[in-house]
Amino acid sequence: MRIADKFKQGKTIFSFEVFPPKKTSPVETILNALEQMKELSPDYFSITYGAGGSNPGKTLEIASKIKNEYGIEALAHLTCINSNKEDIDKVLEDLQKENIENILALRGDIVPDLEPKTDFRYASELCEYIKTKGNFNLAGACYPEVHVDAENQVEDIINLKKKVDNGAEFLISQLFFDNSAFYRFYESTKIAGINVPIEAGIMPVTNKKQIERMVSMCGVSLPGKFSKIMQKYENNPEALRDAGIAYAIEQIVDLIANDVDGIHLYTMNNPYVATKIKGAINNLL
Ligand code: FAD
């Protein structure tokens, strides 16, 4: 099923993001987590591609398992900055063979010391290309607090509109901890004429290292209330985890009350966290 059609059913979409294991580990290392998370019946799973040193080939393997064995929709991430058209053609062919029609079309990060290939400069160009290659349902990424490479929010939103005009039928946001940043961004997209559903990306923070990495990589702001919690419990892993889950639940409740199109949970492959959150919001969806 095309995931974009799920948004037309008039309910809040609830989805999980998972990542494949590192290159050196077999796929089996996340199967236990997946088995537990599938019981929570998300509307779909998205599977990252090449992020954090994972093997891109495993994205397909995991997406296929989710779609063809679990019977849950899979959204395969696909980056283009280090690929040429032949590389992308091969991935698209493999996805089609596995009956996977939903793709999150991404540029990918520009890595120092690795000269980007030249066929695709932006995710919007990847969307345009994939549209010529078959009947895929495309999604795109968006950034409530502005993408790190963008000059400003106006430019970023103009570029986002190109991605939507080139075929992205729904968007998933970068994580954020301040809902008001998401609401301001959402309003700006509407003013810019972006009329596709936008899922809010929520990352339950469960350890201190994770926060530091996220802030330096994504440039997200940390509200005072959030920093206070993190400081108070930084040396108590269980309390920090519980506080991180509680904070994410509070964000989600507020987002749903404000009629968000969907919640995309960055699960970090952690079934405990996913289960706690789904349990707390089950009646709200
Ligand atoms: P684009 O949409 O191409 O935007 C990148 C930058 O270029 C922005 O600053 C934008 O304003 C600018 N821009 C866009 N179009 C134009 C234009 N026509 N002219 C001038 N400037 C332009 N990374 C991975 O490696 N693997 C993953 O699986 C992965 N999953 C992700 C999932 C989500 C939900 C999100 C939010 C991010 C994910 N990322 C992943 C990270 C992503 O690859 C990076 O944030 C990357 O730097 C940008 O990708 P993009 O698709 O948003 O790029």
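Points to keep in mind about this one:
- Tally, over region 1-47, of residues that are among the polar types (S, T, N, Q), closer than 15 Å to ILE202 by Cα and touching a helix residue (DSSP H, G or I) at 6+ places or on another chain (Cβ under 6 Å): 1
- Tally of residues being open to solvent by less than 20 Å² (accessible area, probe 1.4 Å) and β-branched (Val, Ile, Thr) across region 243-255: 2
- Selection of region 172-188 for residues being small (Gly, Ala, Ser) and either open to solvent by 10 Å² or more (accessible area, probe 1.4 Å) or in a helix (DSSP H, G or I) (or both) yields SER180, ALA181, SER188.
- Candidate set from region 189-202 (those that are open to solvent by 10 Å² or more (accessible area, probe 1.4 Å) and not in a loop (DSSP other than H, G, I, E, B)); member that is nearest to ILE245 (Cα to Cα): LYS190
- Consider region 54-75 and keep the residues that are free of Cβ contacts under 8 Å to residues at least 60 places away in the same chain and touching a Phe, Trp or Tyr at 6+ places or on another chain (Cβ under 7 Å). The one that is nearest to PRO116 (Cα to Cα) is PRO56.
- For region 1-119, the helices (runs of 4 or more DSSP H) that sit wholly inside it and include 3 or more residues that are more than 14 Å from the ligand (Cβ to nearest atom) and over 26 Å from HIS147 (Cα atoms) are 28-38, 85-97.
Okay, residues lined up against (1) among the basic types (Lys, Arg); (2) under 24 Å from ILE252 (Cβ atoms); (3) assigned to a strand (DSSP E or B):
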| residue | (1), (2), (3) |
| --- | --- |
| ALA141 | no, yes, yes |
| PRO144 | no, yes, no |
| LYS162 | yes, no, no |
| PHE170 | no, yes, yes |
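- Residue under evaluation GLU169, criteria (1) open to solvent by 40 Å² or more (accessible area, probe 1.4 Å); (2) without any contact (Cβ under 8 Å) to a residue 40 or more places away in the chain; (3) more than 10 Å from the ligand (Cβ to nearest atom), criterion not met: (2)
The values are calculated or read from the model by the stated rules, or taken from the named source; none is laboratory data. This is a predicted model, so every value here is computed, not measured. For neighbour counting, all protein chains shown are included, and Cβ atoms are generated from backbone atoms with ideal geometry for every residue, glycine included. Accessible surface areas use protein heavy atoms only, side chains included; no ligands, DNA or RNA. Shrake-Rupley method; radii C 1.70, N 1.55, O 1.52, S 1.80 Å.
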